[in-house]
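J.: A single structure is presented below for examination.
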Amino acid sequence: MENLDHNNESGSNPKRTRIEVDVANLPMDPGLRIKICNYHPNERDQIRRHYLQNKPCQPVDHDFPQSQFGKTKRRFNPVWFKDYPSWLEYSITKDAAYCLFCYLFRPDTGDQGGGDSFVTEGFRNWKKKEKLQNHIGDHNGAHNIAQRKCEALLNQRQSIQTVINKQSDVEKREYRTRLNASMDCICFLLRQGLAFRGHDESKDSNNQGNFLELLRFLANHNEEIDKANSSKMLRKSSNDLSDIQKEIANAVAAETINAIIKDIGDSLFAIIVDESCDMSTKEQMAIALRYVDKLGHVNECFLGITHVNNTSAVTLKSAIEEVFNKHSLSISRLRGQGYDGASNMRGELNGLKTLILKDNPSAYYVHCFAHQLQLTLVAVAKNHIQIATFFNLVAKVFNIVGASCKRHDILREKRNAEVIEALKNNEISTCRGLNQEMSLKRLGDTRWSSHYGALVNIIHMFSSVIDVIETIIEDGLDSDQRAEANILIGLLQTFEFMFDLHLMKGVLGISNELSQALQRKDQDIVNAMKLVDISKQRLQVMRDDGWNSLLEEVSAFCAKNNIDVPDMDDFYQPRPRRKAQNMKNSHHYQVELFYTVIDMQLQELNSHFENFELLLCVACLNPDNLFSAFNKEKLIRLAQFYPSDFSTVQVSFLDNQLETYIHDIRSSEEFSALKGIGQHAEKMVEMKRMFHIHWFTH
C-alpha cells in the first residue's frame, strides 16, 4: 500500500480520496502499524475493524532466537504474558508492548492514561508491571473510552444495515409475505377505485374498512398470510396502517407512471383531457395519454390529476406543460388532442385546443369516439337560456313524480289505464312488442341517450304525469310539496314547454343514432364520418324545411292535452314578464329558438369533427375486406398533414412505396383476416414490416 502516511511536511492535510483499503497487506506488527488518523473516516474504520478482528498471537518462546549461552537475545519473558490483558500486544521488531485500543482510538494529543509509552514508543519497563494497571485508569479514562469505542465498532448490531442483515430468515419471509399481501390489497382497491379507510378501524369494529377487511379475508384463506399478519400487521395502529397504505399507493403510482413514460419512449402520442372536481370542490384536470407501443398495441393510459387554480385556457395549458416537463415529455411529439365537450370547461378547452395548435400544428383535435356525443350536444343546447330552463323543469318532474315508490305505482296505473282506453277507441294498434310498460328515465350526465329517452317518455306519458302531479297537489304530505307541484303543473301545461320538448326531441333524435354508433367498438372511421355527414344534413333539412311540420306537431299535441296555442302573429309575452321587446311569437319561436338551437348543434358537430378529411385519410389503412379502403392519393394527403414527420422529399417517394406496401400486404396470407387498424399495426410489428410501421405511430 503506497503512501501510508498522508501528512506532508507543512503539516497540512491534503485532499483525501475515498478508496477501499487493501487490508490484506496491512502490517500486523503493532510497532509497524500505520497512522490511521490521517485517513478518511471510512478508511479508518476499515483498518480498525481489520486489526480488532485479526489480532496477532502473543509471542511464544520460538519467536525469540536463543544465544549460544541458551538465553534469549531480548529482555522480554513470554511467561509474563501468561495472564496478559486483552488489549496488550507485543512487537518483536521493537521489543516493546503496545495498547491496541489506545493505538486505534488514541486522542490527537496522545494517550492521557500512562503517557505515549503504550501508543507510540512502546512499553519496555517490564519490572514495573503495575504500569499496566495505571494505564487502564478509571472508568472515564482514555483507555476505557478507547476500549468502548472498539467494542462499539465490532458490535455491528448498532447499525441499521446490520440489524436488517441479522434478521432471521423467518422474519424476512414474514415481512415479505405481509408486504405482498398489502400490495395485493392496495392494487385491488386502486384498480376498483374503492376507498381504503373505514369510519371505525378499531379492533372492536364490525367493519374496519376495505383495506383491513380485504387483508383479513386473504389471511383467513391463506395460512401463511395469517401467520405473518397475526404477529405484526394487525397490531399496528390505524395511523401506521394509513401511512403504509399511502406510501405503497404512491410507490405504485410512481412506478406505473415511470413504466408508461418508458413504454412511450420517443414515440408520438395524443393527449386526452377532462375536468373533474374533488369533494372539496377544487378544480382538477385529468390527463390521459394515447400511444402505440413498440409491439404495435394501442394504449390509453391515465397519467394523473393536477390541480388548477382556475379553468382559463392559459392556466390549463400551463398545467399540461408542467406535467410534460415533470415526465420529460415534449409537446413537439404530440399528434392529437381530445377533450370532453360536455365539460364545465368546454369553452376553455376549445381555447386550450387553439393554444396547443399554435405551438404544434400537428396536434390535431379528434373527437373521442368513446365519449357520449349526445351529452356534448345537450350541453351546447343548454347555452340557450330557454333550453336550460326547459331541462331544469324536466329534472324537477323526475324529482317530484319519481320521489317515491307510491308515485311510481300511481304513474304506472295511470299509464296502463290510458293504454287500455286508447285500445278501446282504436287510437293505437296492438302487436307483439308494442305498448310495452314505460317509466320515466331520469336524466344522467354519464348515461347514454338518457336525455333523448327521457323526452320521448315524457311525450308518451304526459297526461299520466299531469295526473300524478294533480294527485300530489290534492294529497301532498305538506304545503311546500303541494305548492311546488302546483307551480310545476302550471309551467308544464304551456305551449312554450311543449315547443321546447318537441324541438329537443327532434334535434336529439337526429344525433342519437350518431351518438350510439360512435360507441360501437366495431364501428370504422368511414361509416362514422358518413353518419356525421348524414346527421349534419338532416339537421340542415330540419332547419330549412322542418319549421311548419314541428309547429303542426306541437299544436296537435297541445290540442290533445287542452293547452292553449298562441297566435304566431301576436307579440310574444315572456315568463316571467320582462321588458317588452316588440317581438312576435313567430320570430321568437322560429328565429330565436328553432334556428338558433339547430345552428348551435351544427356548429358543435363541425367543431368536433373539423378534421373530417384527416380521419377519412386514416381510414385508408383499414385492413377490412382485403384492404378495400386503400387509397394511395389519400394516404399521400395524410402524410402532408404532418410536415414535421414527412418532408417534401419523403412525400415524393410515397407513390412507389405505397404501391410496394399494398402489393406486399395483399399477397401475404397473414394480413388477410385482420380487423381494424389496431390489429394491422400489431401484425406489422410481428411480421417486421418495418418500412410500413411509421404510418401507424400517428
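J.: Name the residues in segment 512-555 that are closer than 30 Å to P623 by Cβ and among the hydroxyl-bearing types (S, T, Y), would you? Spell out how you get there, then give the answer.
T.: Restricting attention to segment 512-555, the residues satisfying the condition of being closer than 30 Å to P623 by Cβ are 513-537.
Those that are closer than 30 Å to P623 by Cβ and among the hydroxyl-bearing types (S, T, Y): S515, S535.
J.: Taking the residues in segment 189-201 that are part of a loop (DSSP other than H, G, I, E, B) and touching a residue at least 40 places away in the same chain (Cβ under 8 Å) as candidates, determine which candidate is nearest to the chain's Cα centre (by Cα).
T.: F196
J.: I'd like to verify a number: residues in segment 454-476 that are small (G, A, S), surrounded by fewer than 18 Cβ atoms within 10 Å (Cβ to Cβ) and in contact (Cβ under 8 Å) with a residue 12 or more places away in the chain, how many?
T.: Keep residues of segment 454-476 that are small (G, A, S), which gives 454, 463-464, 476.
Remaining after also requiring surrounded by fewer than 18 Cβ atoms within 10 Å (Cβ to Cβ): 463, 476.
From what's left, in contact (Cβ under 8 Å) with a residue 12 or more places away in the chain: 463.
Of the residues in segment 454-476, 1 are small (G, A, S), surrounded by fewer than 18 Cβ atoms within 10 Å (Cβ to Cβ) and in contact (Cβ under 8 Å) with a residue 12 or more places away in the chain.
Residue-by-condition table, conditions (1) within 26 Å of D274 (Cα to Cα); (2) aliphatic (A, V, I, L, M); (3) in contact with a Lys or Arg (Cβ under 6 Å, 6 or more places away or on another chain):
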position	(1), (2), (3)
I466	no, yes, no
M498	no, yes, no
V507	yes, yes, no
I525	yes, yes, no
D545	no, no, no
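J.: Next up: Output the residues belonging to segment 604-642 that are of a type in the set (S, T, N, Q), in contact (Cβ under 8 Å) with a residue 40 or more places away in the chain and part of a helix (DSSP H, G or I).
T.: N606, S607
J.: OK, next. Give segment 625-664 a look and list any residue that's under 26 Å from K536 (Cβ atoms), surrounded by 15 or more Cβ atoms within 10 Å (Cβ to Cβ) and out of contact with any strand residue (DSSP E or B) (no Cβ under 8 Å at 6 or more places or on another chain), or say none.
T.: Result: A629, N631, K634, L635, R637, L638.
J.: Filter segment 199-223 down to the residues that are surrounded by 14 or more Cβ atoms within 10 Å (Cβ to Cβ) and farther than 22 Å from A253 by Cα, then identify the one that is modelled with the lowest pLDDT.
T.: The selected residue is E201.
J.: Between a first residue in segment 312-330 that is among the acidic types (D, E) and a second residue that is in a helix (DSSP H, G or I), which pairs have beta carbons less than 8 Å apart while being 6 or more apart in sequence or on different chains?
T.: From segment 312-330, the pairs are E321/I331.
J.: Next question. Among the residues of segment 623-640, is there at least one that is in contact with a Pro (Cβ under 9 Å, 6 or more places away or on another chain), at pLDDT below 85 and within 25 Å of V526 (Cβ to Cβ)?
T.: There is at least one residue in segment 623-640 that is in contact with a Pro (Cβ under 9 Å, 6 or more places away or on another chain), at pLDDT below 85 and within 25 Å of V526 (Cβ to Cβ).
J.: Could I ask something else about it? Check whether at least one residue in segment 237-254 is modelled with pLDDT under 70, hydrophobic (A, V, I, L, M, F, W, C) and in contact with a Leu (Cβ under 8 Å, 6 or more places away or on another chain), and report yes or no.
T.: For segment 237-254, residues modelled with pLDDT under 70, hydrophobic (A, V, I, L, M, F, W, C) and in contact with a Leu (Cβ under 8 Å, 6 or more places away or on another chain): present.
J.: State whether one or more residues within segment 83-95 are more than 19 Å from N134 (Cα to Cα), out of contact with any helix residue (DSSP H, G or I) (no Cβ under 7 Å at 6 or more places or on another chain) and modelled with pLDDT of 60 or more.
T.: Checking segment 83-95: at least one residue is more than 19 Å from N134 (Cα to Cα), out of contact with any helix residue (DSSP H, G or I) (no Cβ under 7 Å at 6 or more places or on another chain) and modelled with pLDDT of 60 or more.
J.: Further, regarding this structure: Surrounded by fewer than 17 Cβ atoms within 10 Å (Cβ to Cβ), modelled with pLDDT under 85 and either aliphatic (A, V, I, L, M) or under 30 Å from N625 (Cα atoms) (or both): does that describe Q523?
T.: yes
The values are calculated or read from the model by the stated rules, or taken from the named source; none is laboratory data. What you see is a predicted model; the values in this text were computed from it and never measured. As a convention, Cβ positions derive from the backbone with ideal geometry for all residues, glycine included, and neighbour counts pool all protein chains shown.
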